[in-house]
Amino acid sequence: MLNFELHLPTHFVFGKGVELETGKKVKELGGSHVLVHYGTGSVVRSGLLNRVVASLKEEGIQVELLGGAIPNPLDTLVYEGIELVRKTGVDFVLGVGGGSAIDSAKAIALGAPYDGDFWDFYSYKVVPQACIPVGVVLTLSGTGSESSNSSVITRSATRVKRGVNVEVQRPVLAIMNPELTYTLPPYQTAAGVTDIMSHILERYFTNTPDVEVTDRLCEGLLLTVIHAAKLAIREPDNYNARAQLMWAGTLAHNNLCGVGRQQDWACHAIEHELSGLYDVAHGAGLAVVTPAWMRYTMHHNTLRFAQLAERVWGCSMNYEHPEYTALEGIIRFEHFLRDIGMPVTLKELGAKAEDIPYLAAHTKMGNAGTHTGYFVPLTPKDVEKVLHLADK
Ligand code: NZQ
Ligand code: ZN
């Protein structure tokens, strides 16, 4: 295991009805003037926005409202939010919704105290040093943004989608009521499930030896998510299934499963090009990229893939030919994704094979500027080959 540091500042409030405590918790954390930032309407329709605003006002907290964060949130609304925060003196930003509203809230909170253009952070010219405290009322289990150190924003003019990972933006408050996810369309539930699984797999595929504790955490989370996903899709108001998914989503991406090991992240880098260009759900893009990436990288460490197949997908180990076990695990994963309603080919996603060179050329090469991923560092040519494997 590698040396590591982990500081999780997030105060979690989890369970039925907890959104009614938002005001009290924000006040305890020092918020007196809050920007409530949300998406394109689900929180208005469900009445959640009214409940949250009422709970803030009950505590004497001043409230500013800004809606309109679309899936794959845009820089344009972030600029608007930054202006609003500066003009009104907001001291706490509360994202209410899924990963898109939360990420947009984080970007506003990073950009407001910064003198320059907030896009400097997302184009990696400047590392953010300060952030207005961020809180979250979560309505979609998936991204883990409620306690992650990341936010992902799309530049509207170019469709470039980029993420920033810095500790200062980790939320200080996460209000998590699984009941709030009952209204999710099955496709969004499934996309969230795929995202959770990918956050685990990006960490699971590592070259670091002796990482049993995090391996077992990853495997346990995957087993739970696979079971709960089917239940939640069949019975949208199954509280237990929704609760397992919600907490698994957090644990999958707050880095409890990733510390002490090298992580990969190639699938995410490749996927961000897909959702940036075609405006598809992030989880759906991952459902297409991940099995293809697995097929491409499997031979780098067949035993690790076979271990996953045996422990998570219930395959029996073929000791003579572990590559058969590894492949069987990938096939079962793909079947699972299909079962929950995810696309697994570029065509099903609505992506075009002729765009593969563009997608590969634009994929962020985060590893030394020349490669993406660390388990198997991929060049743009490799990325093309991965995408061709998804072109079935
Ligand atoms: O906009 P509204 O009206 O709220 O509707 C949303 C949206 O249409 C809807 N929705 C959310 N909660 C709902 C609901 N509809 C009914 N009932 C509810 N309870 O679902 C749609 C998708 O919402 P969105 O927030 O876009 O989904 P998700 O949570 O999957 O977020 C995706 C974004 O997060 C980024 C992705 O790249 C993408 O831009 N990610 C953020 C990460 C992070 N910050 O750590 C990590 C991830 O890897 C990911 O990259
Ligand atoms: Zn993700």
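The values are calculated or read from the model by the stated rules, or taken from the named source; none is laboratory data. Computed from a predicted structure; not experimentally measured. No Cβ is skipped: glycine too gets one built from the backbone with ideal geometry, and neighbour counts run over all protein chains shown. Heavy atoms of the whole protein, side chains included, go into the accessibility calculation; ligands, DNA and RNA do not. Shrake-Rupley method; radii C 1.70, N 1.55, O 1.52, S 1.80 Å.
Does Val78 satisfy the criteria of being under 27 Å from Val225 (Cβ atoms), touching a Gly at 6+ places or on another chain (Cβ under 9 Å), modelled with pLDDT of 95 or more and aliphatic (A, V, I, L, M)?
In short, no.
In the stretch 214-229, what residues are among the charged types (D, E, K, R) and open to solvent by 30 Å² or more (accessible area, probe 1.4 Å)?
Arg216
Count, please, the residues in the stretch 141-168 that happen to be open to solvent by less than 40 Å² (accessible area, probe 1.4 Å) and either more than 18 Å from Asn72 (Cβ to Cβ) or part of a loop (DSSP other than H, G, I, E, B) (or both).
Number of matching residues: 9.
State which residue is nearest to His335 (Cα to Cα) when the search covers only the stretch 230-241 and only residues that are surrounded by fewer than 24 Cβ atoms within 10 Å (Cβ to Cβ) and in contact (Cβ under 8 Å) with a residue 24 or more places away in the chain.
So the residue we want is Lys230.
From Leu308, Leu277, which residue is under 15 Å from Pro71 (Cα atoms), more than 16 Å from ligand 2 (Cβ to nearest atom) and within 24 Å of the chain's Cα centre (by Cα)?
One residue alone meets the criteria, Leu277.
Can you name every residue in the stretch 275-291 that is more than 8 Å from ligand 1 (Cβ to nearest atom) and touching a strand residue (DSSP E or B) at 6+ places or on another chain (Cβ under 8 Å)?
Within the stretch 275-291, Gly276 is the sole residue that qualifies.
Mind listing whichever residues of the stretch 22-41 are surrounded by 15 or more Cβ atoms within 10 Å (Cβ to Cβ) and within 16 Å of Thr139 (Cβ to Cβ)?
Of everything in the stretch 22-41, those that are surrounded by 15 or more Cβ atoms within 10 Å (Cβ to Cβ) and within 16 Å of Thr139 (Cβ to Cβ) turn out to be Thr22, Val36, His37, Tyr38, Gly39.
Any chance the stretch 95-106 includes a residue that's open to solvent by 10 Å² or more (accessible area, probe 1.4 Å) and more than 16 Å from ligand 2 (Cβ to nearest atom)?
no
Within the stretch 118-128, is there a residue that is more than 10 Å from ligand 1 (Cβ to nearest atom), of a type in the set (Val, Ile, Thr) and either open to solvent by less than 10 Å² (accessible area, probe 1.4 Å) or farther than 23 Å from Ala232 by Cα (or both)?
For the stretch 118-128, residues more than 10 Å from ligand 1 (Cβ to nearest atom), of a type in the set (Val, Ile, Thr) and either open to solvent by less than 10 Å² (accessible area, probe 1.4 Å) or farther than 23 Å from Ala232 by Cα (or both): present.
Taking the stretch 231-244, which residues are under 16 Å from Pro185 (Cβ atoms) and out of contact with any helix residue (DSSP H, G or I) (no Cβ under 6 Å at 6 or more places or on another chain)?
Within the stretch 231-244, Arg234, Glu235, Pro236, Asp237 meet the criteria.
Check Phe375 against each of (1) assigned to a helix (DSSP H, G or I); (2) in contact (Cβ under 8 Å) with a residue 60 or more places away in the chain and name the one condition it does not meet.
For Phe375, the failing item is (1).
Can you spot a residue in the stretch 217-233 that is closer than 30 Å to Arg159 by Cα and outside the structural domain of Lys161 (by TED's automatic domain parsing)?
No, because not a single residue in the stretch 217-233 is closer than 30 Å to Arg159 by Cα and outside the structural domain of Lys161 (by TED's automatic domain parsing).
Restricting attention to the stretch 103-140, which residues are assigned to a loop (DSSP other than H, G, I, E, B) and among the hydroxyl-bearing types (Ser, Thr, Tyr)?
Tyr114, Ser123, Tyr124, Thr139
Limited to the stretch 244-274, what total is found for residues that are within 13 Å of ligand 1 (Cβ to nearest atom), outside any helix (DSSP H, G or I) and open to solvent by 10 Å² or more (accessible area, probe 1.4 Å)?
Matching residues across the stretch 244-274 total 3.
Which one of Val44, Val53 is within 16 Å of ligand 1 (Cβ to nearest atom) and open to solvent by 40 Å² or more (accessible area, probe 1.4 Å)?
Answer to the selection: Val44.
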